[in-house]
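Please treat every number below as a calculation from the coordinates, not as lab data. These numbers were taken from a predicted model, which means no experiment stands behind them. Every residue, glycine as well, gets a Cβ built from its backbone with ideal geometry; the counts of neighbours run over all protein chains shown.
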Amino acid sequence: MATLVIAEHDNKTLKDATAKTVTAATQLGAGVHVLVAGQNCSAVAAAAAKLAGVGKVLLADDALYAKMVAETMETLILSLAGGYDAILAPATTNGKNYLPRVAAKLDTPQISEIVKVVAPDTFERPIYAGNAIQTVQAGAGKKVVSVRTTAFKPAAATGSAAVEKVAAASDPGTSKFVGEELSKSERPELTAAKIVISGGRGLQSAENFKLLEKIADKLHAAVGASRAAVDAGFVTNDYQVGQTGKIVAPDLYIAVGISGAIQHLAGMKDSKVIAAINKDEEAPIFQIADFGLVADLFKAIPELEEELTKLGA
Amino acid sequence: MHRTNSGRLKTSVSASLADARDELLIAGPFSQGISNAMKVLVPVKRVIDYNVKVRVKADQTAVDLANVKMSMNPFDEIAVEEAVRLKEKGKASEVVAVSIGPAQASETIRTALAMGADRGILVKTQGEVEPLAVAKILKAICDAEKPDLVITGKQAIDDDSNQTGQMLAALLGWPQATFAHKLELEAASAKVEREIDGGLQTLEVKLPAVMTTDLRLNEPRYASLPNIMKAKKKPIDEKTPADYGVDTTPRLKVLKVSEPPKRQGGVKVKTVAELLARLKDAGVL
Ligand SMILES: Cc1cc2nc3c(=O)[nH]c(=O)nc-3n(C[C@H](O)[C@H](O)[C@H](O)COP(=O)(O)OP(=O)(O)OC[C@H]3O[C@@H](n4cnc5c(N)ncnc54)[C@H](O)[C@@H]3O)c2cc1C
Ligand SMILES: Cc1cc2nc3c(=O)[nH]c(=O)nc-3n(C[C@H](O)[C@H](O)[C@H](O)COP(=O)(O)OP(=O)(O)OC[C@H]3O[C@@H](n4cnc5c(N)ncnc54)[C@H](O)[C@@H]3O)c2cc1C
């Protein structure tokens, strides 16, 4: 039986996380179908149909799914689950929200945040903030798996699957979307950016974070933060990188005024190259940084900006 | 700012001093008598302290938890805090802390009681219990206790599954509000602001419901010494999974637990210009 991948999108664009989850799904060896649940999201379905390895796209286009509320996603996915051996979703806040409900209703354990498919029923996943890797084998029954997308390459857009409409499922009517406050930014998304520059408590204020934003704009980078910087109100929650925030693995991660606590490292230590700027030469971040600069960030960051300008960035 | 989420109960106190104080503090909960106040259930998990760096056992079967400091899962402290605040505001009448785990999980329940929960339920288990089994036990407890709101942590910092609350909600057929940033409780519903990838989202869920906590919902209190003593007299019911008819046999098989690839520290550079040059050489700029 085939594998069902639940798409991550915002009704307009298909997120990179979906293409990466499709890659994990193809490694299970069976056919891959993608479910796009949303409202007025046919463009998303069309994009999903182009992903290599996808055999069919199921489109549930209904107001019920506009915000992927967990209770309605649960009934929809359960209405389709019979035809699948495995159900995969990216470990985004959406995936983390609805997927365990599906697993519970199917009476099957969920395997969270896999980073590797060892065999169709065996997966690797980090535990203890990434300080250990567990190899876990699913039992009989359907597999419900969330995927840490930084561990998989996106499927190429070389396919041409058919899009099939599916009916909306029942509405439990127990929860209602009230509103949202989304961060607006012209910069790339934190989890998809090739370069991330993150600031910590060392930045001291929201005002000072603008220093990082200037650099980010020159490098086409995303801006991230430590929990301490978010708790202090320098930036909003969606900037947090770490065990309990976002997991990132860009080509280059620049940590500025961040000490390097285990919980922060858990979110960025799989970056290809790590650079750190910290005034304390004993800061733990230097133990994992490829390039460390011991300096006062208030001197180093303006200098960095200047150098980048010289380089024509 | 930099709070330690642990060790707050480790101070030992002379019993006589404590007993003397206890008399003064045993006065009834001040929310008593509020007619439509709710019952809140808070599952609390005993986990490795967040400051401990774990090591994988040489035989690659698990991580080494021998003689490691254990504490309440930090997200569960936030859950207890939120529940106790509801009680202090007169919105909740009773806060019940539940833990599923070994005998020592009673310490975790005591921590919750010292923070202000009223009573505890310890479901004693041996070995690992998967989130689905935890959720099934919690469901049976909810069937018996009939809480209006269950507040769990969004994830336990050991297994990082981020499942239990959602599974419980599904098994009960209740709505959920995960990753809560702010809670406004009304008579028959809850308005919850949630931390999502793009920012914040507000949902309104009908009660009864399950809510899971995120980091910025509140800052948990430290239990005061008198409250720690008072907590010793609060009741903890002991149960087993069999009492709830739940089979906790693991459904997943752990084949191996291994060390992740180690990242080597690199070089220190002297100047910003050198940093840039190195990054260019590395091909990432
Ligand atoms: C349950 C739980 C979950 C958590 N989840 C996360 C998470 O997901 N992500 C996360 O990041 N943290 C998380 N944490 C918090 C984590 O433990 C640390 O407290 C946090 O990462 C510290 O942030 P920081 O490095 O910015 O601050 P600090 O540790 O205070 O470090 C600040 C650094 O800035 C440097 N500095 C100061 N001034 C300057 C200057 N002028 N120039 C250069 N350097 C300077 C200092 O030398 C220091 O190293 C979590 C904690 C708990 C308990
Ligand atoms: C295959 C497998 C192997 C495992 N191996 C190990 C191991 O070697 N060593 C080890 O220490 N752990 C291990 N665990 C983890 C342990 O069994 C976890 O307690 C269980 O999986 C729950 O996951 P979680 O706590 O990460 O759930 P989450 O869904 O992340 O927890 C969220 C919330 O649910 C509530 N909750 C969860 N569990 C409990 C509980 N027991 N009592 C009360 N409330 C609770 C809390 O409010 C918590 O904040 C393993 C788990 C699995 C599935």
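If amide H atoms are built 1.01 Å from N in the plane of the peptide, which residues on other chains or at least 5 residues away come under 5 Å of the amide H of B:ILE196?
B:GLN201
Return one number: the angle in degrees, 0 to 90 and rounded to the nearest 10, between the long axis of the Cα atoms of helix A:206-219 and the longest principal axis of the Cα atoms of chain A.
In chain A, helix A:206-219 runs at an angle near 80 degrees to the longest axis.
Considering only chain B, what is the antiparallel percent among its DSSP beta bridges, to the nearest 5?
The antiparallel proportion sits near 40 percent.
Per 0.36 nm of contour for each residue apart, how much would the distance between B:GLU107 and B:THR249 grow if the chain were fully extended, relative to their Cα-Cα spacing?
48.7 nm
Checking the table B:LYS89/B:LYS146; A:LYS269/B:LYS154; B:LYS53/B:LYS256; A:LYS15/A:LYS299 against a 26 Å threshold on Cα-Cα, which pairs fail?
Cα-Cα > 26 Å for A:LYS15/A:LYS299; rest within.
Between helix A:70-81 and chain A, what is the angle of the helix's C-alpha long axis to the longest principal axis, kept within 0 to 90° and rounded to the nearest 10?
Around 50 degrees separate the two axes.
Using only helices, what value at 222 nm comes out for chain B when you add -39,500 (n - 2.57) per DSSP H run of length 4 or more and divide by the total residues, to the nearest 500 deg cm²/dmol?
That comes out to -8500 deg cm²/dmol.
Among A:ILE127, A:THR149, A:ALA138, flag the residue with its Cα farthest along the positive direction of the charge dipole of segment A:96-153, charges on Cβ as +1 for Lys/Arg and -1 for Asp/Glu.
Selected residue: A:THR149.
Could you name the aspartates and glutamates whose alpha carbon sits less than 16 Å from that of B:LYS91, not counting residues in the same chain fewer than 8 places away?
Within the straight-line cut-off, B:LYS91 pairs with B:GLU81, B:GLU82, B:ASP118, B:ASP148, B:GLU184, B:GLU186.
Debye calculation, C-alpha points only, no solvent: report log10 I(q)/I(0) for segment A:195-310 at q = 0.13, 0.17 Å⁻¹, in the same order as the q values.
-0.40, -0.72
Tell me the relative contact order for chain A as a rounded percent, counting alpha carbon contacts under 8 Å between residues six or more apart.
The normalised contact order for chain A reaches 14 percent.
Taking the Cα centre as origin and putting +1 on Lys and Arg beta-carbons and -1 on Asp and Glu beta-carbons, what dipole magnitude results for the protein assembly as shown, to the nearest 20 debye?
580 debye
Hey, for a label at A:ALA168 modelled as a point 7 Å past Cα toward Cβ, could you say which residues of segment A:75-91 have their backbone N under 18 Å away?
Taking a point 7 Å out along Cα→Cβ of A:ALA168, the residues of segment A:75-91 whose backbone N falls under 18 Å are A:75-80.
Once the Cα gyration tensor of chain A is diagonalised, what are the square roots of 5 times its eigenvalues, in whole Å and ordered largest first, as equivalent ellipsoid semi-axes?
Ellipsoid semi-axes (Å, largest first): 37, 21, 18.
What number in nm² do you get for chain B if you take the convex hull of its Cα atoms and divide its surface by four? If you can, show how the numbers build up before the last one.
Values: hull surface 79.7 nm².
If I average the Cα hull's projected area over directions, I get 19.9 nm².
Measuring from label point to label point, each 7 Å out along Cα→Cβ, what is the A:ALA66 to B:ALA187 span in nm?
Between A:ALA66 and B:ALA187, the simple spin-label model gives 2.8 nm.
For the Cα atoms of chain B, what angle does the longest principal axis make with the long axis of helix B:272-281, in degrees from 0 to 90, nearest 10?
For B:272-281 against chain B, the angle is about 80 degrees.
Which order results if B:THR152, A:THR93, B:THR249, B:THR271 are arranged by neighbouring Cβ count within 10 Å, fewest first?
In order of increasing Cβ crowding within 10 Å: B:THR249, B:THR271, A:THR93, B:THR152.
Please list, in order, the residues from segment A:270-313 whose amide nitrogen is less than 14 Å from a point placed 7 Å along the Cα→Cβ vector of B:VAL267.
A:290-293
Return the FRET efficiency for the residue pair A:ALA43, B:LYS234: r is the Cβ-Cβ distance, R0 is 60 Å, and the value is rounded to the nearest 0.05.
Efficiency, from the Cβ-Cβ distance: 0.60.
Arranged by the count of other C-beta atoms within 10 angstrom, fewest first, what order do A:LYS269, B:LYS182, A:LYS184 take?
A:LYS184, B:LYS182, A:LYS269
Please list, short to long, the whole-number percent of alpha-carbon pairs of segment A:2-165 in consecutive 10 angstrom bins beginning at zero.
P(r) over segment A:2-165, rounded to whole percents: 12, 45, 36, 8, 0.
Suppose every K and R has +1 on its Cβ and every D and E has -1 on its Cβ; what is the size of the dipole of chain A about the Cα centre, in Debye to the nearest 20?
580 debye
Could you give log10 I(q)/I(0) at q = 0.12, 0.13, 0.21 Å⁻¹ for segment A:103-259, computed by the Debye formula over C-alpha point scatterers of equal weight, without solvent?
After summing over all Cα pairs, the log10 values are -0.76, -0.87, -1.25.
Extending each Cα 7 Å along its Cβ direction at A:LYS116 and B:LYS146, get the distance between those two points in nm, one decimal.
It works out to 5.2 nm between the two label points.
Would you check segment A:82-170 for Lys pairs whose C-alpha atoms are within less than 23 Å, ignoring same-chain pairs closer than 8 in sequence, and give me the count?
11
To the nearest 20 Debye, how big is the dipole of segment A:90-244 about its Cα centre, given +1 on the beta carbon of each Lys and Arg and -1 on that of each Asp and Glu?
Dipole about the Cα centre, nearest 20: 260 debye.
By its C-alpha gyration tensor, with a ≥ b ≥ c as the square roots of the eigenvalues, how is the protein assembly as shown shaped: rounded for a/c under 1.5, else prolate for a/b larger than b/c, else oblate?
Oblate, because a/c is 1.5 or more while a/b does not exceed b/c.
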